[in-house]
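The values are calculated or read from the model by the stated rules, or taken from the named source; none is laboratory data. From a predicted model like this one, the values you see are computed outputs, not experimental measurements. Glycine also receives a Cβ, built like all others from the backbone with ideal geometry; neighbour counts cover every protein chain displayed.
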Amino acid sequence: MPRHFDPTLVNDRFDDPGLYVDLAFERRALLFDIGDIAGLPTRKILRISDVFVSHRHMDHFAGFDQLLRRVLGREKVIGIYGPAGSIEAIGHKLKAYTWNLLDGYDGNVSFRVTEMDAVGNMTSALFSGRESFSRQHAERRAEADGLLLKEPGIQVRATTLDHGVPVLAFALEERAQINVWRNKLEAAGLAVGPWLRDFKEAVLHGRADAFPIEVSWQAPDADTPKTLPLGQLRNEIMRVSTGRKIAYVVDCAFTRANVEKIVALAKDADTLFIEATFFEADAAIAAQRRHLTAHQAGTIARLAGVKRLVTFHYSPRYRGEGERLAEEAQLAFLGR
Ligand SMILES: [Zn+2]
């Protein structure tokens, strides 16, 4: 059961930007930007647990209604994260509909909205279907670390870029990747099973070596213990590798401040997903619209030392020339 990010762009590179990251291990998915998501099948939409919104230009946010339509009546809490004003914006979206029949549903969806302002202060509020999506208990956290999501297995960090309006860029990181040696497991007489999940959780939570893990044996008898200490299992059947990292960057001007922030955020990422809206030949228009050119995107990727570069959010004016845009970015990435 390896933990894997499986990131895929939601749309064609000329259409609304969005990155769907399946977390197979946890049977859920993260979504970065929520423009048009009609291309996502319902089963994929239903896996979404958290949505990260860079900013609220329509091509990055209009799909919230499509999500809402699919999850209505489901018992789940979905996290929404965005720049300042996100709580009010989601509140308005939810207020636009009539909710007198929510009582009749088996389950109710709730949205926990967290907004981060330009200095990193975070405010959260809950909109519960049970309460007709009225806004409940806002809480404020003053943490300048930019960590929007912090779980034992993964974390998502954000930084604020300038696009004329504040735009969030995101980095998703696995905190550690735990692999079980299957051959060593079997050689020890242990059986593969759901207990491995508890074992990994215990490791990720940093439990003590003596922490007992309930195990399954291939051939249990009177002598096989029901539990083994975490430390012993960790030494015998487990290997930890450094976690993977991906970064998602859209809609920002090629300014010194933006470049420095992106480079810090995306440092050494396995994959950088970054907008490449214009050709370098149209750099003047890019600067005016506060977008990146393909060449600039590739330059940033090189400065950040990422392993792989994926460009998207191409201007529709270049339809049919997507490969050339990608190539311009790759050449800058390789320093040519
Ligand atoms: Zn955009």
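If only residues of segment 58-70 that are aliphatic (A, V, I, L, M) and more than 13 Å from the ligand (Cβ to nearest atom) are counted, the one that is nearest to Leu168 (Cα to Cα) is Leu67. Against the list (1) touching a strand residue (DSSP E or B) at 6+ places or on another chain (Cβ under 9 Å); (2) within 19 Å of Thr159 (Cβ to Cβ), the condition Val240 fails is (2). In segment 184-225, the qualifying residues are those that are more than 29 Å from Glu151 (Cα to Cα) and touching a residue at least 12 places away in the same chain (Cβ under 8 Å), and the one that is surrounded by the fewest Cβ atoms within 10 Å (Cβ to Cβ) is Ala219.
Out of all the residues in segment 34-49, which are under 17 Å from the mean Cα position of the chain (by Cα) and away from the ligand (no atom under 16 Å from the Cβ)? Selection gives Leu40, Lys44, Ile45, Leu46, Arg47, Ile48, Ser49.
The residue pairs whose first member lies in segment 36-65 and is closer than 21 Å to Ala158 by Cα and of a type in the set (Val, Ile, Thr), whose second member is assigned to a loop (DSSP other than H, G, I, E, B) and more than 11 Å from the ligand (Cβ to nearest atom), and whose beta carbons are closer than 6 Å, counting only pairs six or more residues apart or on different chains, are Val51/Ile34. Against the list (1) in contact (Cβ under 8 Å) with a residue 40 or more places away in the chain; (2) part of a strand (DSSP E or B); (3) closer than 30 Å to Lys200 by Cβ, the condition Thr160 fails is (3).
When residues of segment 76-99 are filtered for being in contact (Cβ under 8 Å) with a residue 24 or more places away in the chain and among the polar types (S, T, N, Q), how many remain? Number of matching residues: 1. Among (1) under 21 Å from Ile154 (Cβ atoms); (2) in contact with a Lys or Arg (Cβ under 9 Å, 6 or more places away or on another chain), there is one condition Thr255 misses while meeting the rest; what is its number? Every condition holds for Thr255 apart from (1). Please state which one of Glu115, Glu139 is touching a Ser or Thr at 6+ places or on another chain (Cβ under 7 Å) and under 28 Å from Arg244 (Cβ atoms). Testing whether each residue is touching a Ser or Thr at 6+ places or on another chain (Cβ under 7 Å) and under 28 Å from Arg244 (Cβ atoms) leaves just Glu115. Close contacts from segment 113-127, counting a first residue that is outside the structural domain of Thr159 (by TED's automatic domain parsing) and in contact (Cβ under 8 Å) with a residue 24 or more places away in the chain and a second that is in a loop (DSSP other than H, G, I, E, B) and surrounded by fewer than 23 Cβ atoms within 10 Å (Cβ to Cβ), with Cβ to Cβ under 7 Å and a gap of 6+ residues or different chains, come to none at all.
Is there a residue in segment 50-57 that is more than 16 Å from the ligand (Cβ to nearest atom) and either surrounded by fewer than 19 Cβ atoms within 10 Å (Cβ to Cβ) or at pLDDT below 95 (or both)? Checking segment 50-57: not a single residue is more than 16 Å from the ligand (Cβ to nearest atom) and either surrounded by fewer than 19 Cβ atoms within 10 Å (Cβ to Cβ) or at pLDDT below 95 (or both). The residues of segment 93-122 that are of a type in the set (A, V, I, L, M) and surrounded by 14 or more Cβ atoms within 10 Å (Cβ to Cβ), listed by number, are Leu94, Leu102, Val109, Val113, Met116, Met122.
Here the condition is being over 21 Å from Leu161 (Cβ atoms), in contact with a Lys or Arg (Cβ under 6 Å, 6 or more places away or on another chain) and away from the ligand (no atom under 16 Å from the Cβ); of Gly73, Gly91, it holds for Gly91 alone. The residues on offer are Ala125, Ala169, Ala142, and the sole one that is among the aliphatic types (A, V, I, L, M) and surrounded by fewer than 17 Cβ atoms within 10 Å (Cβ to Cβ) is Ala142.
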